[in-house]
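Colleague: Here it is: the structure, laid out below.
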Amino acid sequence: MKKLLILMSFVAVMVISACGGGSQSTENENTTPPQSMVESKPTDDATVADDPLANKGIGPVTSVELGAVDQTMVEEGKVIYDQLCVACHKPTEKFIGPAPAGILSRRSPEWVMNMMLNPDQMLKEDPIAKELLAEYNNVPMISQGLTEEQARKILEYFRTLE
């Protein structure tokens with residue numbers, strides 16, 4: 001009985017710590033996002049069914065320009081990912097949530113960032129997010145309170161997992 005209580009306590013601590021705090025502060029938190037990132041509207045379900053890469057999701061990000069991989073952003077994104085995301089998302093294998101490896105061949109960069117920034121609304125209104133929720137046993141992605149800058153750094157890290 002004592003071992004079971006210890007195990008349950010350990011699991012509870014792991015779950016609480018894995019969810020991160022939504023108020024994590026970074027030195028770059030107060031920077032202004034690029035002007036290309038403004039509120040997005042849901043996409044037409046027919047377009048989504050025809051081409052998931054056309055779906056930009058629902059949230060603040062409408063445009064992401066991907067140039068050469070920025071190694072500094074990759075390193076910073078990996079740190080954020082390791083702190084807030086890895087408890088549910090293993091880089092290259094399904095776990096509690098989908099693996100990010102290869103995500104940009106399946107989803108638009110805007111969709112990925114909007115999912116990180118606006119998971120509650122995405123899971124309620126975006127057809128792809130709804131499908132993923134059902135596929136992953138209705139375990140919702142919990143908002144980590146990321147800034148657009150943090151989400152962009154995580155996206156850059158994801159680019160290296162292709």
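The values are calculated or read from the model by the stated rules, or taken from the named source; none is laboratory data. Here the structure is a predicted model, which means the values were calculated and not measured. Here Cβ is always computed from backbone atoms with ideal geometry, including for glycine, and neighbour counts include all displayed protein chains.
Colleague: Determine, yes or no, whether Pro100 is within 9 Å of the chain's Cα centre (by Cα) and either in contact (Cβ under 8 Å) with a residue 12 or more places away in the chain or not in a loop (DSSP other than H, G, I, E, B) (or both).
Modeller: Yes.
Colleague: Give the residue, chosen from Val139, Val64, Val69, that is surrounded by 15 or more Cβ atoms within 10 Å (Cβ to Cβ), aliphatic (A, V, I, L, M) and in a loop (DSSP other than H, G, I, E, B).
Modeller: The unique qualifying residue is Val64.
Colleague: Just give me the residues in the range 120-136 being more than 15 Å from the chain's Cα centre (by Cα) and of a type in the set (Lys, Arg), in sequence order.
Modeller: Lys124 - this is the single residue of the range 120-136 that is more than 15 Å from the chain's Cα centre (by Cα) and of a type in the set (Lys, Arg).
Colleague: Surrounded by 17 or more Cβ atoms within 10 Å (Cβ to Cβ) and not basic (Lys, Arg): does that describe Ile128?
Modeller: yes
Colleague: Continuing with the same structure: If you check Gln121 against the conditions, is it closer than 18 Å to Asn55 by Cα and in contact (Cβ under 8 Å) with a residue 60 or more places away in the chain?
Modeller: Yes: the conditions hold for Gln121.
Colleague: Could you tell me whether any residue of the range 78-96 is surrounded by fewer than 17 Cβ atoms within 10 Å (Cβ to Cβ) and in contact with an Asp or Glu (Cβ under 6 Å, 6 or more places away or on another chain)?
Modeller: no
Colleague: Being closer than 14 Å to Gly59 by Cβ and in contact with a helix residue (DSSP H, G or I) (Cβ under 7 Å, 6 or more places away or on another chain): is that true of Pro100 here?
Modeller: Criteria not met by Pro100.
Colleague: From Pro109, Pro100, Pro127, which residue is touching a His at 6+ places or on another chain (Cβ under 8 Å) and at pLDDT 95 or above?
Modeller: None of the others qualify; the one that does is Pro100.
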